[in-house]
């Protein structure tokens, strides 16, 4: 079942953050959401995950209308997101952070511990399971945050700037990690990201916002060739 935001508008006072935006995420698709700072990307992800109610428009997962429901209803329906600022529980170990996701689904602590370590291994963090969460590098924190989100078994995983602040080598490897998430867990993935090399090499489809409105939606090749995108975001001199 698709995750659809249909004709979504969000206002903050006199500011229109998203203006009549429609975006569709399909099962096992990797969809990029790009645009200049202030384009409305995070606001749209907040709407898609129940953290922000739209002033108009609807959010649906298949035939299930989620518009106006609390964010925990979105999570129970299988829509899980990460944040630009990683929010690990600092008083817990890395492994315990991931265990919380499993325990919240009613899984026993012993099973949660086992599953958490298996999941951390997928992110090359198995050796950090017993480390304090405060001892991770920024890139490791972001991977641990994705592992914790996956413990909730999402149908759709929404990643808000997963490569922000990480070393170039880690950012380069991130594309393979995200593809592996899709392949192993079968979830659709939406990625907000400013690293254009990562987006263009990773995504099946790209949706472009500018000043809260959609200016393009298509394959990476189509988006790179779109003059409105090149002018607003990539720059008129961007290579095709």
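The values are calculated or read from the model by the stated rules, or taken from the named source; none is laboratory data. What you see is a predicted model, and the numbers here were worked out from it, not measured in a lab. Virtual Cβ from ideal backbone geometry, glycine too; neighbours counted across all protein chains shown.
Selection of first residues in segment 34-48 that are at positive phi and of second residues that are surrounded by 24 or more Cβ atoms within 10 Å (Cβ to Cβ) and assigned to a loop (DSSP other than H, G, I, E, B), restricted to Cβ pairs under 8 Å at least 6 apart or on distinct chains, gives an empty result. Candidates are the residues of segment 211-240 that are in a helix (DSSP H, G or I), in contact with a strand residue (DSSP E or B) (Cβ under 7 Å, 6 or more places away or on another chain) and at pLDDT 85 or above; the one that is farthest from residue 28 (Cα to Cα) is 228. Residue 17 meets all of the listed conditions (1) touching a helix residue (DSSP H, G or I) at 6+ places or on another chain (Cβ under 6 Å); (2) modelled with pLDDT of 95 or more; (3) closer than 23 Å to residue 151 by Cα but one, namely (3). Residue 75 fulfils the conditions (1) part of a helix (DSSP H, G or I); (2) closer than 29 Å to residue 134 by Cβ; (3) in contact with a strand residue (DSSP E or B) (Cβ under 6 Å, 6 or more places away or on another chain) except for a single criterion, (3).
Residues of segment 29-47 that are farther than 22 Å from residue 67 by Cα and either at pLDDT 95 or above or part of a strand (DSSP E or B) (or both): 29, 30, 32, 34.
Selection within segment 201-210: residues that are over 10 Å from residue 31 (Cα atoms) and touching a strand residue (DSSP E or B) at 6+ places or on another chain (Cβ under 8 Å). The member of this set that is surrounded by the most Cβ atoms within 10 Å (Cβ to Cβ) is 209. Summed over segment 122-140, residues that are in contact with a strand residue (DSSP E or B) (Cβ under 8 Å, 6 or more places away or on another chain) and either outside any helix (DSSP H, G or I) or free of Cβ contacts under 8 Å to residues at least 24 places away in the same chain (or both) total 4.
Scanning segment 91-122 for residues that are under 20 Å from the mean Cα position of the chain (by Cα), under 21 Å from residue 163 (Cα atoms) and surrounded by fewer than 22 Cβ atoms within 10 Å (Cβ to Cβ) yields one hit, 122. Only residues that are closer than 19 Å to residue 127 by Cβ and part of a loop (DSSP other than H, G, I, E, B): list them for segment 141-164, please. Listed by number, the list holds a single entry, 151.
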